[in-house]
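Trainee: Starting off with a structure, shown below.
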Amino acid sequence: MRRQKRAFTLIEMLVVVLILAILAALIVPRVVNRTSDAKRAKAASDIATLSSLLQQYRVDTDQFPTTEQGLNALRVQPGDVNGWRGPYTQKEIAGDPWQNEYVYESPGPDGQDFIIASYGADGAPGGEGDNSDITSE
């Protein structure tokens, strides 16, 4: 009794490749959009955390760090600040999800105590969609 070898035909292989290509065309855009949403949510969460740490800094020192002192004042005591009880965070102050530094200004441009911002994917002020700014305002 002779056994016949079974193998896939070229047409069967092409059908499988076509099905995989269709599935990839449907799924990839959704996954890419989720990545963008996740980065924006991470930046908003980081800004909220930094804002909370700045409030704690203010309770101890009766002031917010100056723009020149920046967010690093949460980790290293500025020389001219009394009442500092930090470090207020043990972690390095990382950049935003697009590998840009968070922007910190005190006082903020519209008279608020401070502003923390991520300029989004393009790293420049303004923009729309993924390039739009995320701020503490």
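Trainee: Sort 31, 15 by Cβ crowding within 10 Å, fewest neighbours at the top.
Mentor: Listed from fewest to most nearby Cβ atoms, that is 31, 15.
Trainee: Hey, what angle do you get for helix 10-61 against the long axis of the chain, alpha-carbon based, 0 to 90 degrees rounded to 10?
Mentor: 10 degrees
Trainee: Please give me the summed charge of the neighbours of residue 88: other residues whose Cβ is under 12 Å from its Cβ, Lys and Arg +1, Asp and Glu -1.
Mentor: Computed value for this residue: +3.
Trainee: Ok, one more. Given (1) 8.7; (2) 14.4; (3) 7.8 as candidate values of mean projected area of the Cα convex hull in nm², which corresponds to the one derived from the coordinates?
Mentor: Read-out from the structure maps to (2).
Trainee: Which one, 23, 54, 71, has the greatest fluctuation when you compute a Gaussian network model over the chain with C-alpha springs under 10 angstrom?
Mentor: So, out of 23, 54, 71, the one fluctuating most is 23.
Trainee: What distance in nm separates the simple spin-label points at residue 27 and residue 76, each placed 7 Å from Cα in the Cβ direction?
Mentor: With each label point 7 Å from Cα toward Cβ, the separation is 4.7 nm.
Trainee: Most mobile of 73, 117, 25 per a Gaussian network model of the chain (Cα springs, under 10 Å)?
Mentor: 25
Read the figures in this text as sums done on the coordinates, not as results from a lab. These figures come from a predicted structure and were not determined experimentally. Note that we place each Cβ from the backbone using ideal geometry, even for glycine, and neighbour counts take in every protein chain shown.
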